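Some notes on the structure that comes next.
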Amino acid sequence: MASVALRLNSLLQSPPQHVISTRSPLLARDHLLLSRRAPFPRLLVRASSSASPILKVESIPTKPYEGQKTGTSGLRKKVKVFQQENYLANWIQSLFNSLPLEDYKGGLLVLGGDGRFFNKEAAEIIIKIAAGNGVGKILVGRDGILSTPAVSAVIRKRKANGGFIMSASHNPGGPDYDWGIKFNYSSGQPAPESITDQIYGNTLSISEIKMADIPDVDLSSLGTKEYGSFTVEVVDPVSDYLELMETVFDFQLIKDLLSRPDFRFIFDAMHAVTGAYAKPIFVDQLGANPSCIMNGVPLEDFGHGHPDPNLTYAKELVQIMYGSNAPDLGAASDGDGDRNMILGKGFFITPSDSVAIIAANAQAAIPYFKSGPKGLARSMPTSGALDRVASRLQLPFFEVPTGWKFFGNLMDDGKLSICGEESFGTGSDHIREKDGIWAVLAWLSIIGEKNKGRKVGEKLVSVEDVAMEHWSTFGRNFFSRYDYEECDSSKANQMIEYLRDLISRSKPGDAYGNYTLKFADDFAYTDPVDGSVATKQGLRFVFADGSRIIYRLSGTGSAGATIRMYIEQFEPDASKHKVDAQVALKPLIELALSISKLEQFTGRQKPTVIT
Ligand code: VG1
Ligand code: CO
């Protein structure tokens, strides 16, 4: 690979006989004519029969677009925005312009996505630009499918230089909805802000796209295609990921649970990417009944759904789990398979509790953690339930800003193995992304372990029992999040500025209703590994009894502004643990609405989603 890289390198740097300055109609026709001949790629790219391959690269002039700034997780916009001429190409080329040459020249990249509308066209654009910039090989999931955790797993297993994920995650898909692109680095983690800021800078001055003149690649069948010095390999989207899961979990333990006649499991793939993983993993490997998979076929528009596994958007599953004769464990995952929701019979596990419960039980139930987790971490707005587990298990603990990219350094440095976000994200250092299927397997392992040896007819330890037992040991952190989606941006910003000003004037000891302020701030984080600093990561009001109110603007939306309001209060008294979170938190929620004057600023009387 290295010598090919060098040759390609010098070719790309050497002038024009191999480089055509613009696309011409003649070229397009040539392209068509040639593509009917076999084997087309060799004809086009081999200048001679010698071992020295030449890939024809076009230089396409382009103009910058405004607003290609990466948010919490990748660049997300409406499909129609991405369909503008060169919009995606500009961003991809700007990415290559931002990476050090040695990170991709002659190197290996991975490409996959959640199967949403526009992925097919996007994959072809990305492949051609990767080839045009001298990438040696690209591994693509069949039909362009790879979940976000699977991309991370493939990057790590194949020692790739990085990878692209074509997904707007939990945002809806289809011609009128959202599309997105994320880039992950060589340990499989989302690109850090130092890179995404550079990409954004480059999008503002881009003038040229380097695109290889190769035909569209057929991504529907497995195998390798060579285009001179550039290779495309279409891989099975499941096998590397499944292999990894087998090393993390005790599959026999889960099989034993799933084969019990007194245990029923249901998984809602929400017509999103985990549809491709659910049957091979839960049914074929773990013996679950095929009828346990709902909405298992990935669709370009997620069946008109909003592939966000929460109580509002996964309502079909929620109805089943709260209905009569509900299964024992219900789970769902989002568009790109990195989020998860866990439900028991008529019982919702908040993601903040889920990560704490997984961490507390990991050593007993999951072979990957047989020596115990190295450390625990959560995003700032996630409840403090995990902090209590860390302190009891005497583990290093970290609080990072919202977004999975902040966990990667801690994992690479051996400081962290289990972490989570309140936004239905849970995961570990087996990869560098949150992982929906992993979380479901973790819960199946915990329930399996707790019921090991129980005879049919004996009462099983339920999801609810596990949560109650956890709360009686650690206390309960009541938590809720209110989302106000698609607010008017300027009004949402005014509210945030108003709160910033209030914070600058606040001091410890101030009274807020019945609560006494401990401190209020705008969360900033210094990465303990590389010293990088992230500021303005959420406005916090922390009270003397540990209760918290947090406000942030979402960085993943594609229209208007989404305000997120997070509320948390600790309750040590076990006799109060069964209270509904909305009831327990009512006074604090009212205080949060009044402090922020949210209704006054936005005109919204009700949130769009309550978690
Ligand atoms: C949201 C969540 C955040 C998560 C991010 C990406 O970001 O709050 O915790 O990491 O989505 O998740 P924001 O900025 O909208 O609050 V995913 O599943 O979209 O990759
Ligand atoms: Co996601």
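The values are calculated or read from the model by the stated rules, or taken from the named source; none is laboratory data. The structure presented is a predicted model; accordingly, all values stated were derived computationally and were not measured. A quick note on method: Cβ atoms are made from the backbone with ideal geometry, for glycine too, and the neighbour counts reach across all protein chains shown. Just the protein is used for accessible areas: all its heavy atoms, side chains included, with ligands, DNA and RNA removed. Shrake-Rupley method; radii C 1.70, N 1.55, O 1.52, S 1.80 Å.
Semi-axes of the equivalent ellipsoid for the range 311-421, computed as √(5λ) from the eigenvalues of its C-alpha gyration tensor and ordered from largest down, come to 27, 16, 12 Å. Estimated at the nearest 10 Å², the accessible area of Trp179 is 0 Å² with a 1.4 Å probe. Relative to the longest principal axis of the Cα atoms of the chain, the long axis of helix 2-13 makes an angle of roughly 70 degrees. Look at the dipole of the chain built from charges on Cβ: of Val79, Gln582, Asn184, the Cα furthest out on the positive end belongs to Asn184. In this structure the amide hydrogen of Arg339, modeled in the peptide plane, comes within under 5 Å of the amide hydrogens of Asp334, Gly436, none closer than 5 places in sequence on its chain. For Lys586, the aspartates and glutamates whose Cα comes closer than 17 Å to its Cα, not counting residues fewer than 8 places off in the same chain, are Asp483, Asp545, Glu568, Glu571, Glu599. For the range 313-374 and the range 175-222, write down the distance between their C-alpha centroids in whole Å. Comparing the Cα centres of the range 313-374 and the range 175-222, I get a distance of 32 Å.
Using Cα atoms only, what is the angle between the long axis of helix 239-248 and the major principal axis of the chain, expressed in degrees (0 to 90) to the nearest 10? Around 30 degrees separate the two axes. Counting only DSSP H runs of at least 4 residues, each contributing -39500 (n - 2.57), and dividing by the residue count of the chain, the helix-based mean residue ellipticity at 222 nm comes to -9500 deg cm²/dmol. Accessible area per residue was computed with a 1.4 Å probe on protein heavy atoms; His430 scores about 10 Å².
How do Leu204, Leu395, Leu444 rank by accessible surface area computed with a 1.4 Å probe, from largest to smallest? Please list the in-between numbers first.
Working: Leu204 80, Leu395 35, Leu444 0 Å².
Correct descending sequence by accessible area is Leu204, Leu395, Leu444.
Residues whose amide H lies under 5 Å from that of Val135, counting only those 5 or more places away or on a different chain, are Gly106; hydrogens are built 1.01 Å from N in the peptide plane. Each residue of the range 606-611 is assigned a 3J(HN,Hα), and the resulting list reads 10, x, 7, 9, 10, 10 Hz, derived from the Karplus form 6.51 cos²θ - 1.76 cosθ + 1.60 (θ = phi - 60°), x at Gly and Pro.
Please name which of Ala559, Ile199, Ala390 has its Cα lying farthest along the dipole of the chain towards the positive end, using unit charges on Cβ (Lys, Arg +1; Asp, Glu -1) and the Cα centre as origin. Highest projection toward the positive end goes to Ile199. Cross-link reach is defined here as a Cα-Cα straight distance under 30 Å, omitting same-chain residues fewer than 8 places apart; for Lys370 the lysines meeting it are Lys157, Lys159, Lys255, Lys279, Lys345, Lys405, Lys415, Lys434, Lys450, Lys452, Lys455, Lys459.
In plain terms, the bigger the Kirkwood radius, the slower the diffusion; for the chain, with that radius from Cα pairs, at 25 °C and 0.890 mPa s, Stokes-Einstein puts D at 97 µm²/s. Under a 5 Å amide H cut-off, with hydrogens placed 1.01 Å from N, Arg260 pairs with nothing among residues at least 5 apart or on other chains.
Shown are His577, His271, whose ranking by accessible area with a 1.4 Å probe and every protein chain present, most to least, is His271, His577. Each of the peptides 347-353, 122-128, 504-510, 215-221 was scored by the mean count of other Cβ atoms within 10 Å over its residues; in descending order, highest first, they stand as 347-353, 122-128, 215-221, 504-510. Taking a straight line from the alpha carbon of Lys536, these aspartates and glutamates sit under 15 Å away, with near neighbours fewer than eight places off in the same chain left out: Glu193, Glu399, Glu497, Asp501, Asp521, Asp522, Asp527. Taking all protein chains together and a 1.4 Å probe, the residues Leu286, Leu108 rank Leu108, Leu286 from largest to smallest accessible area. Using the heavy atoms of the protein chains alone and a 1.4 angstrom probe, what is the accessible area of the range 100-258 per residue in square angstrom? Value returned for the range 100-258: 30 Å² of accessible area per residue.
Nearest 10 degrees, 0 to 90: what angle lies between the long axis of helix 148-157 and the longest principal axis of the chain (Cα atoms)? It is inclined by approximately 60 degrees. For a modelled paramagnetic label at Ala544, 7 Å from Cα along Cα-to-Cβ, no residue of the range 467-481 is in reach, as no backbone nitrogen comes under 16 Å.
Taking the accessible area of the chain, probe 1.4 Å, and keeping the other protein chains in place, the carbon and sulfur fraction comes to 51%.
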